């Protein structure tokens, strides 16, 4: 698998260009995040460490991306300790260094739910730090393994004493989760309220009435998107159109 990835990188210029740009992005973000970590500016740290492939993961084995990132974070020419050693040994050492000195501390600082889930430390998960997509993915596990704390957190969100993330989810993705049985749609309701509140702060819609296409040709995701955007527009509109929308179909 690694040989296949190496060969493609060597002979496919488009793949090489894309691979190099992705690794550049990760390397630059991770180096900046390390500086922020040292300066204790934790709230400014990006999610690069979260989305960076884990070493020896299936994705890493298929792309060798971690090695490329590691070489850019710890370039041989700027690290005298690597002078004179074989390239294979250099690659091994910087990969290990990427994991221990970059990804592990940054992921710990981000308080990622995956870190707690991996060690089954459910009672320590900081729910107010869980990203919107992660909340959607893991809420069933939160309800199963940490029900009391998770329900308490949701209640605090309802009361305005805590916040829930919603920014990375699209309106139809939130509405689509309203019928989830694991939490009775509570998370979706709160995420919907969050997205409406956030958009309301940017301004309201005046003299605007949402019209949704619900004809047969819209079956599936297109209809979900149409209805979700229609409901969102109606929530953001001022009277007399607030909370109102019109649907149309073949009839």
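Numerical summary
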read-out: Per-region count, the range 72-92, residues in contact with a helix residue (DSSP H, G or I) (Cβ under 8 Å, 6 or more places away or on another chain) and closer than 21 Å to residue 19 by Cα; value: 6
read-out: Residue check, residue 140 free of Cβ contacts under 8 Å to residues at least 40 places away in the same chain, assigned to a helix (DSSP H, G or I) and in the same structural domain as residue 243 (by the TED database); value: no
read-out: Looking only at the range 179-200, and only at residues there that are in contact (Cβ under 8 Å) with a residue 12 or more places away in the chain and over 19 Å from the mean Cα position of the chain (by Cα), the one that is farthest from residue 144 (Cα to Cα); value: 200
read-out: Helices (runs of 4 or more DSSP H) wholly inside the range 152-238 that include at least 2 residues being in the same structural domain as residue 128 (by the TED database), within 21 Å of residue 113 (Cα to Cα) and at pLDDT 85 or above; value: 171-175, 186-200
read-out: Enumeration of residues in the range 90-119 that are at pLDDT 90 or above and surrounded by fewer than 12 Cβ atoms within 10 Å (Cβ to Cβ); value: 100
read-out: Considering residues of the range 124-137 that are modelled with pLDDT of 90 or more and not in a helix (DSSP H, G or I) only, the residue nearest to residue 167 (Cα to Cα); value: 126
read-out: Within the range 30-123, helices (runs of 4 or more DSSP H) holding 2 or more residues that are in contact with a strand residue (DSSP E or B) (Cβ under 6 Å, 6 or more places away or on another chain) and more than 23 Å from residue 134 (Cα to Cα); value: none
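Okay, residues lined up against (1) farther than 25 Å from residue 113 by Cα; (2) surrounded by 15 or more Cβ atoms within 10 Å (Cβ to Cβ); (3) free of Cβ contacts under 8 Å to residues at least 60 places away in the same chain:
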residue	(1), (2), (3)
7	yes, no, yes
18	yes, no, yes
23	no, yes, yes
30	no, yes, no
37	no, yes, no
43	no, no, yes
63	yes, yes, yes
67	yes, yes, yes
80	yes, no, yes
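The values are calculated or read from the model by the stated rules, or taken from the named source; none is laboratory data. Being a predicted model, the structure only gives us computed values, none of them experimental. Note that we place each Cβ from the backbone using ideal geometry, even for glycine, and neighbour counts take in every protein chain shown.
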